Amino acid sequence: MIRRIALLGMILALLLSVPSMSLARVDRAPASTLVKAGSFVKRAGTGAQAVTGVGFRPKLLILFGVARDSEGFGDGYQYGFGASDGVTGGAISGWSWDGRGTLGSDADRRQAAKAITYVETIAGIEAEANLTSFNSDGFILNWTTNNASPWIINYLAVGGDAVEAKVSHFDANHESAGPKSYTHVGFRPDALLLFGAPSVYGPLEASFGFADAATRQFAMSVASQDSGANPTNTARYQRTDRVFASLDPYSSSIHVESEASLASMDTEGFTLDWATEAGPGQLISVAVKGVRARVGSAAEETYGRDVSYTGIGFEPRGGLFTGFNERPSATVVDINRFSIGVAGQDGGGASIWVSDQDDVVDDTRTDQATYGNVCYVGVRSGGWPSGYDMAASVKSWDADGFTLTWNGFSAAPAQLGYLLLGDAATPVGGIAEAPNDVASSGDSSARVYLFVIALTIGVVALMGNGWRVRRRRAG
């Protein structure tokens with residue numbers, strides 16, 4: 001009997017010492033960053049619009065789209081881009097008239113405290129909305145101005161217990177070139193997005209830039225002159241060593257008006273190192289903490305090819321992609337043209353493209369497109385395109401990067417930039433994240449106690465059995 005007890009104790013101790021055979025519950029560390037990319041159709045008229053299917057309560061929402069009610073290409077240049085943290089919204093829009101005729105060109109912009117806005121004609125607002133609230137499966141918009149067109153609007157929603165986001169309007173003006181600190185954020189960002197069309201109305205201008213805590217950065221800017229230029233004058237600019245750049249659309253020769261690199265992420269915000277004396281005025285910042293972020297750039301690839309991008313340092317959950325459809329250049333180049341796209345943790349995505357081409361005023365050429373299930377779409381050719389030259393979709397998020405499937409072909413690969421978001425290194429409270437297959441601390445402690453008890457029972461039983469055997473031999 002004692003030998004049976006000893007044997008059972010040893011077997012139990014062995015089972016408890018082998019994790020793969022243990023009956024104890026194994027907890028997988030939950031994702032601390034949640035990212036969803038999707039699209040919805042804008043309602044007709046003013047009022048509330050609920051968007052569902054996100055799958056979690058967002059902390060940050062990015063909205064963008066063009067004036068299209070179906071996927072594909074069409075005439076015109078009319079985009080909207082905005083962000084909201086649930087309290088504050090900031091949005092920009094640009095518009096340029098296609099086929100304007102002998103009246104000359106028109107190109108306008110708007111910046112507003114909205115979640116998204118669309119401008120058309122001089123000082124005309126065609127549609128814009130506030131974010132009313134986030135909920136457990138999406139968000140609610142309130143359209144304060146709207147048309148009847150069922151345009152497709154794309155979004156990137158970011159959430160998770162560890163995530164904190166803040167959208168702000170701030171005065172980026174500075175007295176001279178050099179570093180300037182901005183403390184309006186209230187925390188040290190892990191990721192930063194800056195964008196703006198720094199005036200309420202005026203010639204078309206837009207700037208987008210982002211950076212991570214390691215000061216990796218990317219910036220893009222476009223501009224189109226307003227009425228009076230013949231041929232029309234449009235331009236674009238992109239850098240991998242800047243977080244912000246803006247072009248001057250008033251000059252006869254469009255040039256860089258202001259630009260800055262990220263010097264540091266700070267306790268209450270960030271510091272920009274301005275390369276120019278001129279300031280851009282009011283900008284919009286989107287600061288995010290509680291994530292791991294990585295900014296980088298890549299080249300477009302050829303048709304039907306899967307390309308893996310490594311060295312990210314973590315497995316992304318999703319991100320933002322953008323580019324000006326041109327090879328890397330440190331100078332301003334012709335044509336106001338850019339792409340914006342997003343991808344979520346399930347690989348789903350959405351992307352837009354706009355182009356305002358230099359041409360004579362009686363034959364202005366502007367184009368736009370929207371596509372779902374891709375994170376990037378672009379065109380290198382001029383005229384009125386009917387299809388993209390290149391497009392990419394996320395095939396997989398990998399342990400140290402991501403893999404894109406490229407379709408289309410570009411003879412001279414263009415440069416695109418990305419901002420990727422992943423799980424925070426430590427969740428809320430500062431407790432280090434356990435590996436996915438490691439049991440929770442409570443389960444681990446219980447296993448240790450049971451192992452010790454079982455082993456003790458086995459050892460004591462064996463010792464008792466040995467003592468009985470010695471007594472029999474002595475007797």
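The values are calculated or read from the model by the stated rules, or taken from the named source; none is laboratory data. Quick caveat, the model's predicted, so the values are computed rather than measured. Here the Cβ is made from the backbone with ideal geometry for all residues, glycine too, and neighbour counts use every protein chain on show.
Which of the residues spanning segment 217-245 are at pLDDT 95 or above, β-branched (Val, Ile, Thr) and surrounded by 24 or more Cβ atoms within 10 Å (Cβ to Cβ)?
Residues satisfying the conditions are Val222, Val243.
Does Ser261 qualify as being surrounded by fewer than 22 Cβ atoms within 10 Å (Cβ to Cβ), at negative phi and over 28 Å from the mean Cα position of the chain (by Cα)?
no
Filtered by the rule that a residue be among the charged types (D, E, K, R), outside any strand (DSSP E or B) and under 21 Å from Met390 (Cβ atoms), segment 269-310 gives Glu300, Glu301. Answer with yes or no whether Ala330 is of a type outside the set (Ser, Thr, Tyr), in the same structural domain as Arg239 (by TED's automatic domain parsing), modelled with pLDDT of 95 or more and over 21 Å from the mean Cα position of the chain (by Cα). No; evaluated as a whole, the condition is false for this residue. The residue list Asn154, Asn135, Asn142 contains one member that is polar (S, T, N, Q) and over 20 Å from Val35 (Cβ atoms), which is Asn142. In segment 1-88, counting only strands (runs of 3 or more DSSP E) that sit wholly within it, none holds 2 or more residues that are under 13 Å from Tyr155 (Cα atoms), at pLDDT 55 or above and among the aromatic types (Phe, Trp, Tyr). Selection within segment 290-319: residues that are buried (at least 24 other Cβ atoms within 10 Å of the Cβ) and within 24 Å of Ala369 (Cβ to Cβ). The member of this set that is modelled with the lowest pLDDT is Glu300.
Condition check ((1) in contact with an Asp or Glu (Cβ under 7 Å, 6 or more places away or on another chain); (2) surrounded by 22 or more Cβ atoms within 10 Å (Cβ to Cβ); (3) in the same structural domain as Ser246 (by TED's automatic domain parsing)) across all residues:
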| site | (1), (2), (3) |
| --- | --- |
| Ile140 | no, no, yes |
| Ala157 | no, yes, yes |
| His174 | no, no, yes |
| Ser181 | yes, no, yes |
| Phe195 | no, yes, yes |
| Pro198 | no, yes, yes |
| Thr215 | no, no, yes |
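Taken over segment 242-258, the criterion of being more than 19 Å from the chain's Cα centre (by Cα) and assigned to a loop (DSSP other than H, G, I, E, B) is satisfied by Pro249, Tyr250, Ser251, Ser252, Ser253, Ile254.
Counting residues in segment 284-296 that are hydroxyl-bearing (Ser, Thr, Tyr) and more than 22 Å from Thr33 (Cα to Cα) gives zero.
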